[in-house]
């Protein structure tokens, strides 16, 4: 059997061991990127290699899973996998996300301690060489607040589907006591609790660095049925929520190459025009945050729609001019 086939078979075995419900043949084919007939042959081979593999009736089909996980031989990580885990922890640590960095660092120690000594010795030089060859660039921006007690308490409330109470040092009434049904945690340039005050449904963003005296209540608190945190986050260009606008941007030909490789939004479409320019379309809220980003494109970008985004950019320019421009004797304003 060729090396690629062995690797594909082992990867499928990992998926079967990691799934609580098991996989159908069609799902196995999708995971392995093969036809259903090939997936059947791979299943038969796995039954030979793992005689304890379960066949679960799930009319009108069947599911297959490998119970009790795989042994260390089948689960040894590669040097690249160990490197990416280490880099993810390093990136969080460099971004002042200490509690989440500590979780990944603990996972890395567990993985290394579970590895065979000979395997670890074989991989160590490769991992060290890759660590020296790659690094994380920390960009300018706000430093997100992460407090281990706040995050662990909110995660407990989310799992238990309990409401929380806290004093909020932000908003229109700083210092006001809140009782909130938590919907989820949103990690970004700033970190937020997404949730609604008890008795309401529409979610709001609560900055974690402004939450104090946090407690878990006995009252039920959970998102409404069908709520998707990912969909909620995708509604906005950044964090600020508002009316969803249909955005159309034109990037000039000299910026087209950058635009074709840039993601403005998860639901964007990109159209290359005959003159070499690029049209980017997407729907999002958060026009203020979007305008801040669009300034980084300089004269390569033009806002075609919506008018509110155009007006927001003009307003932001006027604010900057009022602070930095110097009026001449004739009354003309210069930068």
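Restricting 212, 164 to residues that are at negative phi, part of a strand (DSSP E or B) and touching a helix residue (DSSP H, G or I) at 6+ places or on another chain (Cβ under 7 Å) narrows the list to 164.
Selection of the stretch 266-288 for residues being buried (at least 18 other Cβ atoms within 10 Å of the Cβ) and not in a strand (DSSP E or B) yields 277, 286, 287. Can you find a residue in the stretch 13-28 that is under 28 Å from the mean Cα position of the chain (by Cα), at positive phi and touching a residue at least 24 places away in the same chain (Cβ under 8 Å)? Checked the stretch 13-28: at least one residue is under 28 Å from the mean Cα position of the chain (by Cα), at positive phi and touching a residue at least 24 places away in the same chain (Cβ under 8 Å).
Checking every residue in the stretch 249-258 against the condition of being farther than 29 Å from residue 187 by Cβ, in a loop (DSSP other than H, G, I, E, B) and at pLDDT 80 or above gives at least one match. Quick check on my filter: what residues within the stretch 222-235 are part of a loop (DSSP other than H, G, I, E, B) and either closer than 20 Å to residue 187 by Cα or in contact with a helix residue (DSSP H, G or I) (Cβ under 7 Å, 6 or more places away or on another chain) (or both)? Those that are part of a loop (DSSP other than H, G, I, E, B) and either closer than 20 Å to residue 187 by Cα or in contact with a helix residue (DSSP H, G or I) (Cβ under 7 Å, 6 or more places away or on another chain) (or both): 222, 223, 227, 228, 235. Looking across the stretch 30-54, the residues that are touching a helix residue (DSSP H, G or I) at 6+ places or on another chain (Cβ under 8 Å), assigned to a helix (DSSP H, G or I) and within 24 Å of residue 78 (Cα to Cα) come down to 31, 32, 42, 45, 46, 49. Just one of the numbered conditions (1) on the phi > 0 side of the Ramachandran plot; (2) in a strand (DSSP E or B) is not true of residue 302: (1).
The values are calculated or read from the model by the stated rules, or taken from the named source; none is laboratory data. Computed from a predicted model, the values in this text were never measured in an experiment. Note that we place each Cβ from the backbone using ideal geometry, even for glycine, and neighbour counts take in every protein chain shown.
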